[in-house]
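Asker: Right, I'll just put the structure down here and ask away after.
Quick note: the coordinates plus some simple rules give every number you see, no bench work behind them. What you are looking at is a predicted structure, and each value in this text was computed from that prediction instead of being measured. Neighbour counts run over all protein chains shown; Cβ positions are idealised from the backbone, glycine included.
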Amino acid sequence: MNIEAYRSILQARGCRMTPQRLAILRILSEADCHLTPIEVCQHAQGILPGITEATVYRTLTFLSEMGLLMAAHIGSGQMVYEIANHNHHHLICRKCSLTCEIGHERLQILYDQLKNLTGFQIDSMHVTLFGLCPSCQGTSSQSS
Ligand SMILES: [Zn+2]
Ligand SMILES: [Zn+2]
């Protein structure tokens, strides 16, 4: 991760890089996947002993608003966070929780079509779609 780049993004918006913000950015760039706030908190306490869950939640929200993190709903009210470094979406299997990442370009085509149809300019850049993965389709009672 490029700490200086993050620092200047924050500075451009009149915000400072704090040890809490830095720790969370570091955790999520090293994880290279989605983490729940609880998981982030566990890692953060290893780096900054005494950091509270409330601070972690607040920092995750702040960094998402700054565009440095992406948040996603993965069902059951659960939120996950990851570093915002590429535009993508997720497919999640309802049965086995297998996740599959799809590049944004595949949805951009659909977004363009919807814009022509409705005039909406869609900016949802981290969408989660639920379904059944190929192996779970075979075990589904609805399989044909
Ligand atoms: Zn994602
Ligand atoms: Zn599955």
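Conditions tested, residue by residue: (1) near ligand 1 (Cβ under 10 Å from one of its atoms); (2) closer than 28 Å to Arg21 by Cβ.
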site: Leu68; (1), (2): no, yes
site: Ala71; (1), (2): yes, yes
site: Asn87; (1), (2): yes, yes
site: Cys96; (1), (2): no, no
site: Cys100; (1), (2): no, no
site: Leu110; (1), (2): no, no
site: Gln121; (1), (2): no, no
site: Ser135; (1), (2): no, no
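Asker: Go through the stretch 1-46 and give me each residue that's away from ligand 1 (no atom under 16 Å from the Cβ) and of a type in the set (S, T, N, Q).
Answerer: Passing the criteria: Asn2, Ser8, Gln11, Thr18, Gln20, Gln42, Gln45.
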